[in-house]
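Here the structure is laid out as structure tokens; the discussion comes afterwards.
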Amino acid sequence: MPADPLTLIVGDEELLAERAVGEVIAAARADDPETEVIDLTPENLEAGRLAELTSPSLFGGGKVLVLRSAQDLGKELIAEVLAYAERPADDVALVAVHAGGAKGKALVDGLSKAGARKVTCSKITKPGERVAFVRAEVRRCGGTIGAEAARALVDAVGHDLRELAAACSQLVADTGGKISEEAVARYYRGQAEVSGFNVADSAVEGDLVQALEKLRWALATGVAPVQITSALAQGVRALAKVSGAPRGARGAALAKELGMPPWKIDKTQRQLRGWSADGIARALRVVADADAQVKGGATDPAYALERAIAEITAARGGR
């Protein structure tokens, strides 16, 4: 059977782990459409069952044994799995799905030593990794998407990979495959524009009309005022950090110095146009005042935010 006899899937990103399992099953069934798939868990894998499932059958036929939550296996069952891994059956593909971490590490080490194909499915946590996932997912669906459009989609949909994957598939189907920022905004209007960070971006870029429109939309759809002041603060602080960066620093060295991903630095550098040091200092005072008002000092947080945005956009031009 073309599927690897031993596959070790390590990581807690469920979508990626499920896809890795699916690829093994697909490979096995491409060779034998009648391949049987058996899901196993520590709860239903009693001692001796693995030997029973992997023993030659009178009726022949291949099997894929998917051992889920393998990190929860006890010592005896780990020993049984590793003993089998030393001499795997010809018509059986064993897939062990391990969440990662120290628990059950003996199984990971043992299967690795036995030559299992290892697939890493670590949790995607960094913004740049999510953007890369979206771009790869769109390619997987037969389309193309630029970095900025991919970031806009992450901002619109959120961090859940299943939702991002579904959005990528839908956009490829609806747009013919070439996904632009305009397409993301068109299909996800009402999500992309309610983010506090979208409000902040328009404010620091000096677009008062757009910033106020996005603010009202955000508030109308339930975004908390404190989240918007936080986004404004982060946007202005990013301007201060990047404007004060050491001259000559570039790329990874600059990212390390500032503690910011390269894409964020590039975006902030573009937003810096029109800003002076005095203007940034003024904007920092504005967001500090707005934060205090939203957290209790103002009777109308919406008005406090509107005024803060107006003052930030004015500070950009030095007016």
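The values are calculated or read from the model by the stated rules, or taken from the named source; none is laboratory data. Here the structure is a predicted model, which means the values were calculated and not measured. Here Cβ is always computed from backbone atoms with ideal geometry, including for glycine, and neighbour counts include all displayed protein chains.
Against the condition in the same structural domain as Val226 (by TED's automatic domain parsing) and under 18 Å from Leu239 (Cα atoms), how does Asp278 come out, does it pass?
Yes: the conditions hold for Asp278.
Would you confirm whether or not region 272-288 contains a residue that is farther than 29 Å from Pro127 by Cα and either modelled with pLDDT under 90 or in contact with a His (Cβ under 8 Å, 6 or more places away or on another chain) (or both)?
Within region 272-288, not a single residue is farther than 29 Å from Pro127 by Cα and either modelled with pLDDT under 90 or in contact with a His (Cβ under 8 Å, 6 or more places away or on another chain) (or both).
Residues are listed down the side, and each one gets a yes or a no for (1) touching a Leu at 6+ places or on another chain (Cβ under 6 Å); (2) surrounded by fewer than 18 Cβ atoms within 10 Å (Cβ to Cβ); (3) farther than 30 Å from Asp160 by Cβ:
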{"position": "Leu16", "(1), (2), (3)": "no, no, no"}
{"position": "Val24", "(1), (2), (3)": "no, no, no"}
{"position": "Ala30", "(1), (2), (3)": "no, yes, yes"}
{"position": "Asn44", "(1), (2), (3)": "no, yes, no"}
{"position": "Ala47", "(1), (2), (3)": "no, yes, yes"}
{"position": "Ala51", "(1), (2), (3)": "no, yes, yes"}
{"position": "Ser55", "(1), (2), (3)": "no, yes, yes"}
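Taking Thr144 and the conditions (1) in the same structural domain as Gly22 (by TED's automatic domain parsing); (2) of a type in the set (S, T, N, Q); (3) touching a helix residue (DSSP H, G or I) at 6+ places or on another chain (Cβ under 8 Å), which numbered condition does it fall short on, given that it satisfies the others?
(1)
For the condition under 23 Å from Ala114 (Cβ atoms), part of a helix (DSSP H, G or I), in contact (Cβ under 8 Å) with a residue 24 or more places away in the chain and over 24 Å from the mean Cα position of the chain (by Cα), what is the one hit in Ala17, Ala3, Ala27, Ala47?
Checking each option against the conditions leaves just Ala27.
Quick one: which helices (runs of 4 or more DSSP H) lie wholly within region 230-319 and hold at least 2 residues that are more than 30 Å from Arg130 (Cα to Cα)?
The qualifying helices (runs of 4 or more DSSP H) are 277-292, 301-317.
For region 208-233, what are the residues that are of a type outside the set (A, V, I, L, M, F, W, C) and in contact with a helix residue (DSSP H, G or I) (Cβ under 7 Å, 6 or more places away or on another chain)?
Result: Gln210, Lys214, Thr221, Pro225, Gln227, Thr229, Ser230.
Residues that are closer than 24 Å to Glu23 by Cβ: find the helices (runs of 4 or more DSSP H) completely inside region 112-213 holding 2 or more of those.
Output list reads 127-140, 161-175.
Does region 193-209 contain any residue that is among the β-branched types (Val, Ile, Thr), closer than 15 Å to Ala304 by Cα and within 24 Å of the chain's Cα centre (by Cα)?
yes
Pull up region 76-97, narrow it to residues that are not hydrophobic (A, V, I, L, M, F, W, C) and not in a helix (DSSP H, G or I), then point me to the one that is modelled with the lowest pLDDT.
Only one residue tops the list, namely Asp90.
What pairs come out if I take residues in region 150-174 that are in contact (Cβ under 8 Å) with a residue 60 or more places away in the chain and pair them with residues that are in a helix (DSSP H, G or I) and buried (at least 20 other Cβ atoms within 10 Å of the Cβ) whose C-beta lies under 7 Å away, six or more apart or interchain?
Correct list of pairs: Arg151/Val131; Leu161/Phe133; Ala165/Glu137.
Among the numbered conditions (1) surrounded by 14 or more Cβ atoms within 10 Å (Cβ to Cβ); (2) modelled with pLDDT under 90; (3) more than 25 Å from Val223 (Cβ to Cβ), tell me where Ala152 comes up short.
(3)
Has region 228-235 got any residue that is closer than 27 Å to Ala149 by Cβ, out of contact with any Gly (no Cβ under 7 Å at 6 or more places or on another chain) and of a type in the set (S, T, N, Q)?
yes
Search region 220-248 for residues being crowded, with 21+ Cβ neighbours inside 10 Å and of a type outside the set (A, V, I, L, M), and hand back the single one that is nearest to the chain's Cα centre (by Cα).
Looking at the filtered set, the residue picked out is Gly235.
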